[in-house]
Amino acid sequence: MTLGRHDELSIGQATAAQRVLIAFLDDLLEDRWRFRHVQEVLLDVSCTIRDAHRRRASHLALGLEPEIILDSFQDDARLDGRWRERVLGPCRQRVSRWLRVASERVVGGKADADASDR
């Protein structure tokens, strides 16, 4: 579903929403016992990116970089290094692949995604 809003205000709101989420997660990490919640949200973000951008590259039309949310925590020492390496890192790679496939469909008219991406 898309709202079909591509005006400057809408783009600003979408960008602000990303920043607010990053700040919210950063605040949660100040309480060292909330890290699991942050991990869950980051994985949910990857699913949202997959569902919202995989088949259509709406992020391109708006000039957004949805992966910036995941990138903000890739090197955050408040999250367990093993989790960042084994879960967040591969998750980020999948997101890159999904966004690339969506972009290729828009730019190059590519019709099918890798079965491994599903």
Completion exercise
With the label point 7 Å along the Cα-to-beta-carbon line of residue 48 and a cut-off under 16 Å to each amide N, the hits in the stretch 73-90 are 73
Exercise for the section: Would you be so kind as to identify which of 39, 87, 14 lies farthest towards the positive end of the dipole of the stretch 8-109, taking Lys and Arg as +1 and Asp and Glu as -1 on Cβ and the Cα centre as origin? Expected result: 87
Handout entry: Inter-label distance, nm, simple model (7 Å from Cα along the C-beta direction), residue 94/residue 6
Key = 3.0 nm
Completion exercise
Fewest to most Cβ atoms within 10 Å: 15, 48 sort as 48, 15
Completion exercise
Quick calc of log₁₀ I(q)/I(0), the stretch 8-109, Debye, one scatterer on every Cα, no solvent, q values 0.13 1/Å, result -0.48
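Every number in this text was worked out from the coordinates using simple rules, so none of it is lab data. Keep in mind it's a predicted model, so treat the numbers as computed, not measured. Cβ coordinates were reconstructed from backbone atoms using ideal geometry, including for glycine residues, and neighbour counts include every protein chain displayed.
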